[in-house]
Amino acid sequence: MKIRFLLFIVLIVNISLISCGIEVEVEDVKGSRLEYLNSDSNKDSILVIDVRPYDKYKQGHLSHAINIPLNEIKNRLREITDWKDKPVYVYSETNDESFKAAEILVGNRFSQIYNAEGVNQYNYKTVTYNSVRGIVFEEMLKDPDALILDCRTKSFYDIGHIEGAISFPIFEIENNLDKIPDKNKKLLLYCNVGTASSRAAYELSNLGYTKIYNSIDGVAEYPFKLVREEEEDKN
């Protein structure tokens, strides 16, 4: 089912009033379709937003799905403004709930909105670690109590890494657990494109770590400031 919104945008140009209609479609999507699209290989082609309250999100959500609760969307649009002309998928407990989020996004000129079945309507495969965009992750890096984990190979880490990060390669997790003895420590994970770090986040959550944040935008996709180890030593 496709639901059409008609937005009327009024522009004043040279004291003349010009009105134009923009038609935006919000398409209902089956849960199976969203789950298929929400893959490692396709994650950069869509943005998935879980619009439930954070406590519900933390209990289990789609991998790569960021959390912007319905009552916070209007105040957090700057986090997703670069997706105004790209596919954005929203979901909640039910598609009636996420439809409210779709209305807000359409009202703010997002042009490709898809409203998916909710977690009470489809049995999604879920994860419990947090997924955040690069713009949010960058702010989180300022937290002095957080531990930053670079999940790329050591060779990539040596070329350049986020300041303060420790090397924590995805294929060497068990050998590096001594670096994170506190399972309640806030962990910030990243890699090149957000997929290796998401796998690391999944493994760590299964090991009982409780405060895991994975950047779905890696260093190859978001302009994080990178340093070499010798530059850190100088500081």
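For the reader, a short list of remarks on this structure follows.
- The one condition in (1) at pLDDT 95 or above; (2) outside any loop (DSSP other than H, G, I, E, B); (3) more than 30 Å from Y209 (Cβ to Cβ) that K86 fails to fulfil: (2)
- Residue ID - nearest to the chain's Cα centre (by Cα), chosen from residues in the stretch 206-222 that are surrounded by 18 or more Cβ atoms within 10 Å (Cβ to Cβ) and within 15 Å of H64 (Cβ to Cβ): I216
- Only residues that are surrounded by fewer than 19 Cβ atoms within 10 Å (Cβ to Cβ) and of a type in the set (A, V, I, L, M) were counted across the stretch 142-169, and they come to 4.
- Scanning the stretch 167-180 for any residue that is within 16 Å of the chain's Cα centre (by Cα) and among the hydrophobic types (A, V, I, L, M, F, W, C) turns up nothing.
- Taken over the stretch 112-141, the criterion of being among the polar types (S, T, N, Q) and surrounded by 21 or more Cβ atoms within 10 Å (Cβ to Cβ) is satisfied by N115, N130, S131.
The values are calculated or read from the model by the stated rules, or taken from the named source; none is laboratory data. Everything numeric here is computed off the predicted structure, so don't read it as measured data. Every residue, glycine among them, receives a Cβ derived from its backbone with ideal geometry; neighbour counts consider all protein chains shown.
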